[in-house]
Amino acid sequence: MTRKILVATALALVTLLGSTPALSQAQQRLEAQPSGGAMVADALIARPLLLVATLGGTAVFLVSLPFSALGGNVGPAAEALVKTPAEATFRRCLGCTVSRRGDEL
């Protein structure tokens with residue numbers, strides 16, 4: 001009796017773990033095709049705010065550049081303050097939630 005329960009549990013786990021990549025791929029396809037409402041909200045609300053964040057991050061980066069250079073972390077500061085908001089503003093498809101990280105700016 002307990003052996004049947006163990007076998008059933010093992011089969012359920014294998015089935016569940018085997019279906020996880022398929023669920024992930026389906027979710028990625030859904031995210032690749034945003035709705036019209038998401039596109040409108042992105043164009044009218046998110047993009048202008050992200051542009052302000054990009055400009056503000058650039059200003060903060062320039063002000064903190066001497067200190068970042070002394071600390072040896074210019075690259076991470078540029079990544080966090082300038083590159084990440086710029087990618088979200090200009091490289092992300094309209095309505096998408098994730099930017100294309102494979103391409104260079």
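Screening THR58 against (1) in contact with a Cys (Cβ under 7 Å, 6 or more places away or on another chain); (2) modelled with pLDDT of 90 or more leaves a single unmet condition, (1). For segment 34-52, the condition of being surrounded by 11 or more Cβ atoms within 10 Å (Cβ to Cβ), at pLDDT 95 or above and farther than 18 Å from VAL98 by Cα holds for at least one residue.
The values are calculated or read from the model by the stated rules, or taken from the named source; none is laboratory data. All figures in this text were calculated on a predicted structure; none of them were measured in a lab. Ideal geometry is used to build each Cβ from the backbone, glycine not excepted, and the neighbour counts take in all protein chains shown.
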